[in-house]
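First the structure, in the form of structure tokens, and then the observations on it.
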Amino acid sequence: MAELVPEAEEFAGILTRVVNGTVTSNVSFVVTPLAENPDLAWVFPEGSTPAAPILIPVTCPAHDAEPLLWINATFQVRPDESEEHLAVQQSVFSLVVDERTKRPVIRLEYERGAGTEPDDEVPGGHRRSAAHVQIHGASEELAYVQGINRQSKLRGLEHFHIPVGGRRCRPSVEDFIEFLHAERLIPALNTGWRDVVREHRARWLAIQLKAAVRDDPETAAEQLMAMGYSTQPPGGQS
């Protein structure tokens, strides 16, 4: 059985190494269990509360002494259905342009129970993907499309939840940081950042692959046998 706090603290340590090895320094992620629910805990930068997360200053070498950009990264975790592994219940990471208002430019959100996945027996609370991206800005083309569909109230770009892979293939923090660098939304990263991203993304992908196998062991066994491996169901059943 997974122990929530120790598992969450290990996850917090990974997040600490990732952000300090890429966009900033001297940031520590901590674990704060929910008093009202012992099966849930927050993982966020030290000093945060659920209502007021501490932003991560982007202070890599190419920036001025005072940060001009920030990253918001918060997670809520719990044991998974088997109670043997840590699962992310919800997460958000975003690029922020105003420390006071926490106004984002782009944000990636994940709400495990809020979206609808293809294998859900009971649909979630919303007809949208549990993992989605929201972009803050304007789009004339999107306004036009809403107009020809006779929508009486036009929605801004940030109100559209663009799916990004579902529970198992959703972007990681490492993907988000590399995206910001590749698209020149932050000018530089810390020395050695590629190794940090590569190491921890490989670990993330391995965790998601193992979870996918647990979700559908029959398909996993079928593929292994197609590759020449021998597999046998638990208990030796055929």
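The values are calculated or read from the model by the stated rules, or taken from the named source; none is laboratory data. Quick caveat: nothing in here was measured; it's all calculated off a predicted structure. Cβ placement follows ideal geometry from the backbone for every residue including glycine, while neighbour counts extend to all protein chains displayed.
Per-structure values
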read-out	value
Residue match in region 37-45 (condition: touching a residue at least 60 places away in the same chain (Cβ under 8 Å) and more than 17 Å from the chain's Cα centre (by Cα))	no
Pick from region 129-138, criterion in a loop (DSSP other than H, G, I, E, B) and more than 23 Å from residue 204 (Cβ to Cβ), ranking: modelled with the highest pLDDT	136
Index of the failed condition, residue 235 passing every other in (1) in a helix (DSSP H, G or I); (2) at pLDDT 90 or above; (3) among the small types (Gly, Ala, Ser)	(2)
Residues satisfying the stated conditions in region 199-227, i.e. within 30 Å of residue 17 (Cα to Cα), more than 16 Å from the chain's Cα centre (by Cα) and not basic (Lys, Arg)	199, 212, 213, 215
Where residue 151 falls short, out of the listed (1) more than 27 Å from residue 12 (Cα to Cα); (2) among the polar types (S, T, N, Q); (3) not in a loop (DSSP other than H, G, I, E, B)	(3)
Verdict on residue 13 being in a loop (DSSP other than H, G, I, E, B) and at pLDDT 95 or above	no
